[in-house]
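J.: Mind looking over this structure? Questions follow.
The values are calculated or read from the model by the stated rules, or taken from the named source; none is laboratory data. Because the structure is predicted, anything quoted here is derived from the model rather than measured. Quick reminder, even Gly has a Cβ in these numbers, built from the backbone with ideal geometry, and neighbours come from all protein chains shown.
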Amino acid sequence: MSEKNKKSQQPQSPVDFVIREESCHYRHRIPLGFNRACKCPPTHINCLTAKDWLKSQLGVWQFTYEARDVRDKSIHPATFPISLSKKVIELFTHQGELILDPFVGSGTTLVAASDTNRNAVGFDLQEKYIDLCEQRLKHNSNLFNESRQISIQDDARDITAYLEPETVSLIWTSPPYANLLNRTRKNKSRRDRNNEQLGKVEQYSQDVRDLGTMEIEDYTQTMGNIFGSLLPMLRPKAHCVINVPDMWWENKRITIHVSLIQELRSRGYELRNIIIWDRTNIVNKIGIFGWPSNYITMGVTFEYLLDFWRPPIHEVVF
């Protein structure tokens, strides 16, 4: 292949680099930068100022939405604010480094990476979400940095085909929450009984590969398999942050976050921290669940940010 033809197949900008099955980059190594592009001293673990660093030390975080956020559940049933994604990215990486989102969904991670001058790659099974990622990046084109963001329509189980070992500085994602959304919504809050969510199934898809169709045991095992395969992609001491809630099922609390902690520990990850994402300022119409006969803390006003890392590789002394 001539140099001219090779060049014509290379992505020209972050707004047009989308990989689908017909792409020449499909399940091949992708050209993405992963080294620092900042002037921070070598010992600094991020680019934050002392003031911003201090704000990040609080164990409970709150965020607000902005105009660019996706909040319409008919577009995507479970999104998080750009401001949350930016805070995680800025806390755990430097400019120029590489971020991986195995379940990119609406593309918030990619938008936040563009805002903060980080390279990023996100994966999703559904074509409609890859289309959404592309649209959001087109409207968020940033001419003042050299980072690149890529959305790939493929299974998270096949990510290792795209990335070299020890090139990822952060895995950051909000995965499907087992079969939490894969059921008809019943409004038990004793208010607004006929609201817009009543009777709906808000699941991402009914694809058998979709983690959101799985019972908690199969879900946990599959998540372990996926993140186990991703561990070699992380640099030593690089972080993996997973946003998850718990859920109620047949009047029992299903502790998804506990299951994931146990599973990822068994796959070689070390749990470093648990941060509470306090959503009280963005949750609308909190109902009086359980009143007056059953005490229930529904957990709709907070979620967990599980912070793991790849443990440092210690030299073996003989």
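J.: Filter the range 54-97 down to the residues that are in a helix (DSSP H, G or I) and of a type outside the set (Gly, Ala, Ser) and list them by number.
T.: LEU54, LYS55, ILE82, LEU84, LYS86, LYS87, VAL88, ILE89, GLU90, LEU91, PHE92
J.: Identify, by number, the condition in (1) aliphatic (A, V, I, L, M); (2) within 27 Å of GLU127 (Cβ to Cβ); (3) out of contact with any helix residue (DSSP H, G or I) (no Cβ under 6 Å at 6 or more places or on another chain); (4) modelled with pLDDT under 95 that ALA50 doesn't meet.
T.: The one condition ALA50 does not meet is (2).
J.: Taking only pairs six or more apart or across chains, which ones have beta-carbon atoms under 8 Å, a first residue in the range 73-92 that is more than 16 Å from SER169 (Cβ to Cβ) and in contact (Cβ under 8 Å) with a residue 12 or more places away in the chain, and a second residue that is aliphatic (A, V, I, L, M) and crowded, with 21+ Cβ neighbours inside 10 Å?
T.: That search, which allows pairs on different chains as well, returns ILE82/VAL111; ILE82/ALA112.
J.: If you check ILE152 against the conditions, is it under 18 Å from SER23 (Cβ atoms) and either within 14 Å of the chain's Cα centre (by Cα) or surrounded by 22 or more Cβ atoms within 10 Å (Cβ to Cβ) (or both)? Walk me through how you get there before you give the answer.
T.: Values: under 18 Å from SER23 (Cβ atoms): yes; either within 14 Å of the chain's Cα centre (by Cα) or surrounded by 22 or more Cβ atoms within 10 Å (Cβ to Cβ) (or both): yes.
Spelling it out, ILE152 is indeed under 18 Å from SER23 (Cβ atoms) and either within 14 Å of the chain's Cα centre (by Cα) or surrounded by 22 or more Cβ atoms within 10 Å (Cβ to Cβ) (or both).
J.: Looking at this structure, is LEU125 surrounded by 23 or more Cβ atoms within 10 Å (Cβ to Cβ), modelled with pLDDT under 95, more than 12 Å from the chain's Cα centre (by Cα) and not polar (S, T, N, Q)?
T.: Answer is no for this residue.
J.: Another one. Is there any pair with a first residue in the range 306-318 that is within 21 Å of ARG265 (Cα to Cα) and a second that is in a loop (DSSP other than H, G, I, E, B) and at pLDDT 80 or above whose Cβ atoms are under 6 Å apart and which are 6 or more apart or on different chains, and what are they?
T.: Close Cβ pairs (under 6 Å, with a partner that is in a loop (DSSP other than H, G, I, E, B) and at pLDDT 80 or above) amount to PHE308/TYR269.
J.: May I ask you to list the residues in the range 14-72 that are surrounded by 13 or more Cβ atoms within 10 Å (Cβ to Cβ) and aliphatic (A, V, I, L, M)?
T.: Across the range 14-72, the qualifying residues are VAL15, VAL18, ILE19, ILE30, LEU32, ALA37, ILE45, LEU48, VAL70.
J.: Looking only at the range 121-131, count every residue that is part of a helix (DSSP H, G or I), under 22 Å from ILE226 (Cβ atoms) and not basic (Lys, Arg) and tell me the total.
T.: 3
J.: Let me ask another. What's the number of the only condition in (1) free of Cβ contacts under 8 Å to residues at least 60 places away in the same chain; (2) over 21 Å from HIS28 (Cβ atoms); (3) surrounded by fewer than 24 Cβ atoms within 10 Å (Cβ to Cβ) that TYR177 fails to meet?
T.: Unmet condition: (1).
J.: Name the residues in the range 111-140 that are in contact with a helix residue (DSSP H, G or I) (Cβ under 8 Å, 6 or more places away or on another chain) and over 14 Å from ILE19 (Cβ atoms), would you?
T.: Within the range 111-140, VAL111, ALA112, ALA113, SER114, ASP115, THR116, ARG118, ASN119, ARG136, ASN140 meet the criteria.
J.: Which fully enclosed strands (runs of 3 or more DSSP E) of the range 219-273 have 3 or more residues being within 17 Å of the chain's Cα centre (by Cα), within 14 Å of GLU303 (Cβ to Cβ) and of a type in the set (Val, Ile, Thr)?
T.: On the way: elements: 234-244, 247-249, 252-254.
Once the strands (runs of 3 or more DSSP E) in the range 219-273 are filtered for at least 3 residues that are within 17 Å of the chain's Cα centre (by Cα), within 14 Å of GLU303 (Cβ to Cβ) and of a type in the set (Val, Ile, Thr), what remains is 234-244.
J.: Separate question: On the basis of being more than 11 Å from the chain's Cα centre (by Cα), within 21 Å of LEU32 (Cα to Cα) and crowded, with 24+ Cβ neighbours inside 10 Å, does LEU110 make the cut?
T.: no
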